[in-house]
Amino acid sequence: MSVVERQEWDVVVVGAGGAGLRAAIEARERGARTAVICKSLFGKAHTVMAEGGIAAAMANANEHDNWQVHFRDTMRGGKFLNQWRMAELHAQEAPQRVWELETWGALFDRTKDGRISQRNFGGHEYPRLAHVGDRTGLELIRTLQQKIVSLQQQDKKETGDYESRLKVYQECTVTRILKDGSRVSGVFAYERETGRFFVLEAPSVVVSTGGIGKSFKVTSNSWEYTGDGHALALLAGAPLLNMEFVQFHPTGMVWPPSVKGILVTESVRGDGGVLRNSEGKRFMFDYIPDVFKEKYAESEEEGDRWYEDPDNNRRPPELLPRDEVARAINAEVKAGRGSPHGGVFLDVSTRMPAEVIRRRLPSMYHQFKELADVDITAEAMEVGPTCHYVMGGIAVESDTAAARGVPGLFAAGEVAGGMHGSNRLGGNSLSDLLVFGRRAGWHAAEYAAARAFERPEVSDMQVDTAAAEALRPFSAEGPAGGEDDGRPPENPYTLHQELQQAMNDLVGIIRREAEMEQALEKLADLRVRARRAGVEGHRQFNPGWHLALDLRNMLLVSECVARAALERTESRGGHTREDHPTMDRKWRNINLLCHLADPTGGLAATDPERGQINLVRETTEPVRQDLLALFDKEELVKYLAEEELYQ
Ligand code: FAD
């Protein structure tokens, strides 16, 4: 038996992005002793990279905005597959969460009359994104961190210890959620620097680990985003919802190769930037789908007038939802009308004075100057689609953020599914983090308080199994089970590169049946080889070992994406099938749930060649009547199935 240090908490939050920090603040304020654990440095999360802003119907820039319009936009963007109750709560509560941030010290950009300024973004009917230049995420994280520090200072005054009620474990990776019977009992983790194992025991665990982008070759995501939370929940027995929906942001950098995929914020288009092909044509006017025809301008003149007079003109098609713009760019490049490095041109230089560009888009100005030697005030950027966000995620109860099927497990932020349906609107993630982070922290604290006298137990056996799993890459000469067949171990970096290439090429922005079947075969091969992923050296800071452990998660999540994408024979939002190019109303009310095939919660009992995921179809709950009444009947006819319309 290994000796692994254990500490007791009421709530453990895995992930310190916006969702995790907001959950931790709420849990602590509701009296729960709360630990936050994160893989990277405290403050370094995707949230900090968010540029454009937080969507909230505060009606500061247009008095006609309200939560009902925001709800409508979110459902349209998600092509009506959203877990509608989440979309409702999100639209209703987002303004309160932004104002609350302000009371905690966030400094947003202002309108001339001193209110929080709001900018345009794709798919939002009114200017709705509260922002701080193009560095909104930085301000959000700074504010939440400051709030945490102030709570710790309060605790120091009362208990003499800053960390008595709220502690952050940074640069520590969770590899397993532990359970006592069916319910959660804590997490198993290792310190990245020393390799030391430890256990945080708690009746409630909130998963808020963000996205999965590192399974794809071209991505805006950074190294941490290996789908850990998705995999941890799956291994703990919770299903993942609609994993086929992966958002390819239309505008990532395409050049130079070393920075390919880095995000070019949608604010560039929100503030007036336009997309052109190699012939100089603003091609988006050719790509307005029927469902959006009435809402978007038919001519460049009308689109341009909209920036000044949005009440009497329709918006330009550059501001269609991201899935539409990404597909259009893909089609232009394929038709031979792309830019020299395989993207299209995004131009602000002819649309705004240089000093306005530098003031409104400072990060973009520096990003292009430093990484590509391009001055965006004088020339166009070259951009193309990049894997950005996953709409699929842990299946949760809308009001409580409780993960389905595993008592004590909660999920919030990008790792949770449902809120965004088949496609997320820009700005709706930061608001999602705050709304559902708070709800997750609240219900996790309540759940833990109700079990204060019957805390779940962590068995030594579970800890030993988790430790053995984590150590396996150091003794990987033979297949799992330990027999040495003489074959050399597999290099985790090679396996990762092959995985990223396969997902990019075969389950990427445009999908075809034969290619996805090929992807599943490739994943089977990688799973078998990953059991032999081996590393040299020791546990002190060893990135190869960390990657070998992350591979388990990426392979699980990639299988979920590929299986669900093969199953859904239609095109909707972030899932485009060349062989089924239209949206099919029959699929409108069908969710695809991925369950772990091995009922013991391990991976050993399943044959890696056959796969580790079972896919189950589920009918969605009908949208409540008063919410449906917010839409015109003609619009609903485009989305809803016959029987839903009849009802
Ligand atoms: P994250 O902020 O991604 O944090 C995840 C946390 O989990 C991190 O602390 C990480 O270290 C930790 N973690 C992961 N795995 C483990 C593990 N195994 N053990 C322990 N800890 C772990 N959205 C908007 O709404 N508006 C925008 O303007 C916007 N701009 C964006 C720009 C960029 C470049 C990117 C990449 C995304 C952008 N998004 C934007 C999306 C948005 O930023 C993310 O969806 C959101 O921040 C996710 O927040 P989160 O709290 O769910 O997770």
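Taking the average, over residues, of other Cβ atoms within 10 Å as the packing measure, peptides 623-634, 226-237, 69-80 rank 226-237, 69-80, 623-634 from highest down.
Estimated at 0.36 nm per residue, the fully extended path between residue 309 and residue 111 surpasses their Cα-Cα distance by 69.6 nm. Taking amide H as placed 1.01 Å from N in the peptide plane, residue 168 has its amide H under 5 Å from the amide H of 36, each at least 5 places away in sequence or on another chain. Summarising the amide proton neighbourhood of residue 386: residues at separation of 5 or more, or on other chains, whose placed amide H is nearer than 5 Å comprise 249, 251, 252.
Can you pull the one-decimal nm distance between simple spin-label points at residue 369 and residue 636, each 7 Å off the Cα toward Cβ? Placing both labels 7 Å beyond Cα along the Cβ direction yields 5.3 nm. Coupling constants for segment 255-271 follow from the phi torsions by the Karplus curve (6.51 cos²θ - 1.76 cosθ + 1.60, θ = phi - 60°), and in residue order they are 8, x, x, 5, 10, 4, x, 4, 5, 10, 4, 5, 4, 4, 7, x, 8 Hz; glycine and proline get x. Under a point spin-label approximation (7 Å from Cα along Cα-to-Cβ), what is the residue 153-residue 335 distance to one decimal in nm? If labels sit at residue 153 and residue 335, their model points lie 5.9 nm apart. Based on DSSP H segments of at least four residues, each scored -39500 (n - 2.57), the chain has a per-residue ellipticity at 222 nm of -11000 deg cm²/dmol.
Packing-based ranking of 437-444, 123-130, 542-549 yields 437-444, 123-130, 542-549, ordered from highest to lowest mean Cβ neighbour count within 10 Å. The charge dipole of segment 371-478, taken about its Cα centre with unit charges on the Cβ atoms of Lys, Arg (+1), Asp and Glu (-1) only, comes to about 520 debye. Quick one: grab the alpha carbon gyration tensor of segment 249-387, order the square roots of its eigenvalues as a ≥ b ≥ c, and give me rounded if a/c is under 1.5, else prolate or oblate depending on whether a/b is larger than b/c. Because a/c hits 1.5 or more and a/b fails to exceed b/c, segment 249-387 counts as oblate.
Our coupling estimate for segment 450-458, obtained by passing each phi through the Karplus curve with A = 6.51, B = -1.76, C = 1.60 and θ = phi - 60°, is 5, 10, 4, 9, 9, 5, x, 10, 9 Hz, Gly and Pro reported as x.
Taking amide H as placed 1.01 Å from N in the peptide plane, the amide H of residue 116 sits under 5 Å from that of 111, each at least 5 places away or on another chain.
Helix 322-334 and the longest principal axis of the Cα set of the chain meet at an angle near 80°. Net length available on complete extension from residue 301 to residue 104 is 66.7 nm, with 0.36 nm assigned per residue and the Cα-Cα distance removed.
Most tightly packed first, judged by the mean number of other beta-carbon atoms within 10 Å of their residues, the peptides 491-503, 281-293, 551-563 read 551-563, 491-503, 281-293.
Placing a label point 7 Å from the Cα of residue 6 along the Cα-to-Cβ direction, the residues of segment 199-222 whose backbone N falls under 18 Å of that point are 199-205.
Ordering 376, 348, 249 by Cα displacement along the dipole of segment 249-387 toward the positive end leaves 249 in first place; charges were set at the Cβ atoms of Lys, Arg (+1) and Asp, Glu (-1).
Roughly what % antiparallel, to the nearest 5, for the DSSP beta bridges in the chain? Among the beta bridges of the chain, antiparallel pairing accounts for roughly 65 percent. Shown is the FRET efficiency for residue 92 and residue 538, computed with R0 = 45 Å from the Cβ-Cβ distance and rounded to the nearest 0.05: 0.30.
Throughout, read-outs are computed from the coordinates displayed, never taken from laboratory work. Please read all numbers here as calculations on a predicted model, not as lab measurements. We place every Cβ from the backbone using ideal geometry, glycine too, and count neighbours over all the protein chains shown.
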